[in-house]
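The values are calculated or read from the model by the stated rules, or taken from the named source; none is laboratory data. Note that the coordinates shown come from a computational prediction; the quantities given were computed from them, not determined experimentally. Neighbour counts are summed over all protein chains in view; Cβ atoms, including those assigned to glycine, are modelled from backbone coordinates with ideal geometry. Areas reflect the complete protein model, heavy atoms only, side chains present, ligands, DNA and RNA absent. Shrake-Rupley method; radii C 1.70, N 1.55, O 1.52, S 1.80 Å.
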Amino acid sequence: MGPAVARARLGELLVDRGLVRPSDVQNALAIQATNGEPIGLNLVRLGALSEAQLLEVLSEQLGLPVLASEDGPAPDAILSFLAEIGSPLDWWASRNAVAWREPGPDGAAASPGRILCAALQPLDLSLTERIAQATDDAVAMLLAPRALIDALLGDLTDQTAAPVDLVGGVGADATRLRELAQEAPVIDFVNGVFAEALSRRASDVHVEPYEDRFLVRMRIDGVLHTARSAPRANFDAVASRIKLLSGMDIGERRLPQDGRQSIRVSGQEVDLRVSSLPCSWGESLVLRLLGKTSRLPLLSELGVGPDQEASLLSLSEQPNGVLLITGPTGSGKTTTIYRLLTHLNDGQRKIITVEDPVELDLPGVIQVRVRSEIGLTFAAGLRSILRQDPDVIMVGEIRDPETARIAVQSALTGHLVISTVHTNSALAAVPRLLDLGIEDYLLADVLRGVAGQRLVRRLCTTCNAPSSEDEIERHEAALTPAVRARVAREPANWREPRGCPKCGQTGFRGRVGLYEIAPATQRMTAGLRTRADEDALTAIAREDGFMSFAEDGFIKARRGETTLAEVYRVARAGED
């Protein structure tokens with residue numbers, strides 16, 4: 001390995017490829033002088049690049065292959081080899097490495113000369129020396145990602161009942177927790193969670209403590225998946241690290257807290273938002289990582305059909321009134337509004353938003369962040385916005401009577417107000433505003449339309465397969481008359497999920513929106529004046545072509561974008 005290492009320094013290679021900045025290398029070298037660890041690991045800890053990028057360059061520099069997750073050894077193979085050489089598991093865990101004999105074609109051990117060792121630091125001579133003490137067989141070194149090493153050691157821990165802790169026993173002392181939160185194993189664990197969440201496109205990360213272990217679960221395409229498990233003894237240090245990064249008080253563990261901070265992960269600038277909630281075995285933490293360079297998708301990419309897009313854009317171009325986007329938390333309402341604001345931002349309109357938080361910077365739009373702790377609420381911000389001569393006002397959420405009243409007054413005085421309401425359907429926004437104290441005649445005067453949305457998982461384009469004839473018959477029989485009339489001239493393209501490495505064996509990758517759009521027609525306005533209920537308003541909207549979430553989902557499933565099972569999971573609750 002000597003000649004391979006001498007070809008070029010790692011820092012120079014990374015800078016030449018544009019993966020890190022020269023200042024990042026200098027910072028990593030300064031840290032290396034303190035902790036003595038390789039520059040690559042320190043660059044990952046700084047968030048300058050991802051572990052995957054580091055492994056790719058290291059593999060080329062050292063001439064060593066990277067061990068893939070699917071090629072990892074069975075725990076029994078590792079335990080058997082450690083027993084053969086008389087080496088304790090704790091020693092290997094302390095060096096973040098595992099070793100095993102490669103099995104032969106028939107499953108038996110191969111010739112004595114084939115030993116594999118996977119490690120975070122394959123140049124650590126103590127690894128080969130430890131094996132050489134027991135056998136003269138040659139050792140083939142492999143690079144391995146930290147998550148794989150942690151998973152293998154975790155499996156071994158479960159089998160041997162000998163905890164492999166990140167930091168050993170952890171007490172409740174805040175000073176000690178602060179010290180542990182700055183130690184390399186804890187930093188590496190948390191950074192690894194952040195990097196994995198970004199690479200897997202997770203919208204939220206849940207860190208949940210239980211009696212003996214704590215779990216890290218990630219919400220990917222709307223569904224939670226368990227990503228990691230670790231001993232409960234490590235939880236307090238990990239939680240303290242996350243709280244420090246988000247600007248929270250690590251000494252306060254009895255009350256809920258919220259924190260946010262801008263951090264650097266895998267070379268990306270990321271906004272970190274954290275919520276903590278005291279529970280039986282510690283604090284439940286939920287994290288959201290928002291990339292600052294996220295591209296705003298087009299309406300068509302969100303799942304809005306051509307007719308729906310024309311209707312939405314027409315509603316957003318009204319000179320005044322209220323346009324509401326409804327849906328549950330995390331259904332993409334803000335993204336849809338951002339796209340509408342981008343459409344309106346033609347340089348001739350003054351557009352101001354008041355949001356909690358500002359999730360994406362929109363050039364040419366004045367964006368105000370809510371800060372309730374100093375009195376800058378949605379209502380207070382909206383009152384101040386009216387003195388800024390706006391044409392279009394975006395209110396992040398109408399959640400209280402005061403905000404609702406000011407929004408309606410703003411619309412009455414010639415402004416277009418776009419906002420969100422948390423309801424289960426588009427037309428449920430009407431009784432919601434009435435419940436907030438808006439008079440029916442005022443609502444009839446200002447409401448221009450309501451649009452609801454939800455998200456279903458999109459079929460993986462790599463592994464989806466055509467439905468069978470029996471499945472197609474069942475799917476076609478499930479369509480409503482309205483959907484059949486809409487898709488009469490379209491060929492059916494029912495597809496089913498299969499699973500592949502690209503989608504994590506789920507059969508789905510990404511999400512697509514389901515939409516309900518109801519413009520405020522003359523008949524709708526008349527219904528509002530008579531305080532018609534949601535069912536009556538829905539019947540009126542259907543006369544003008546309104547389609548429910550489920551019906552929009554049926555159309556997307558028939559086109560091969562998702563499945564009927566997904567539509568039923570998300571959109572059929574409470575519908576006929």
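Here are the numbers:
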{"quantity": "Cβ charges +1 (Lys, Arg) and -1 (Asp, Glu), total dipole of the chain, debye", "calculated": "1180"}
{"quantity": "Binned Cα-Cα distances of the stretch 29-138, short to long, each 5 Å bin given as a whole percent", "calculated": "2, 10, 18, 22, 19, 14, 9, 5, 1, 0, 0"}
{"quantity": "Asn35 versus Arg559: modelled label distance in nm, points set 7 Å from Cα along the beta carbon direction", "calculated": "4.9"}
{"quantity": "Two-site label geometry, Arg349 and Cys279: point separation in nm, points 7 Å out along Cα→Cβ", "calculated": "4.3"}
{"quantity": "Filtered GluC sites (Glu not before Pro), the stretch 284-375: DSSP coil and at most 15 other beta carbons within 10 Å", "calculated": "Glu317"}
{"quantity": "Pairwise FRET efficiency - Asp90 versus Asn424, Cβ, R0 = 60 Å, nearest 0.05", "calculated": "0.70"}
{"quantity": "Cα-Cα pairs of the stretch 386-477 separated by more than 18 Å (percent)", "calculated": "57"}
{"quantity": "Where N is the number of residues in the chain, Cα Rg divided by 2.2 N^0.38 Å", "calculated": "1.15"}
{"quantity": "DSSP-defined beta bridges in the chain - what % are antiparallel, rounded to 5", "calculated": "65"}
{"quantity": "Carbon and sulfur %, accessible surface of the chain computed with the full protein complex present, 1.4 Å", "calculated": "49"}
{"quantity": "More than 17 Å apart - percent of Cα-Cα pairs taken over the stretch 331-423", "calculated": "44"}
{"quantity": "Cβ-based net charge around Asp389, under 12 Å, with every Lys or Arg adding one and every Asp or Glu removing one", "calculated": "+2"}
{"quantity": "Where no second cysteine Cβ lies under 4.7 Å, the cysteines concerned in the chain", "calculated": "Cys117, Cys279"}
{"quantity": "10 Å-binned pair-distance histogram of the stretch 465-526 (Cα, whole percent)", "calculated": "16, 30, 32, 15, 7, 1"}
{"quantity": "Around Gln261: net Lys/Arg minus Asp/Glu count, Cβ-Cβ under 11 Å", "calculated": "+3"}
{"quantity": "Amide N of the stretch 443-482 lying under 19 Å from the label point, which is placed 7 angstrom from the Cα of Arg529 along Cα→Cβ", "calculated": "443-449"}
{"quantity": "Hydrodynamic radius of the stretch 434-557 per Kirkwood, over alpha carbon pairs, in Å", "calculated": "17.1"}
{"quantity": "Inter-site label distance for Leu376 and Asp391 at 7 Å from Cα along Cβ, in nm", "calculated": "2.5"}
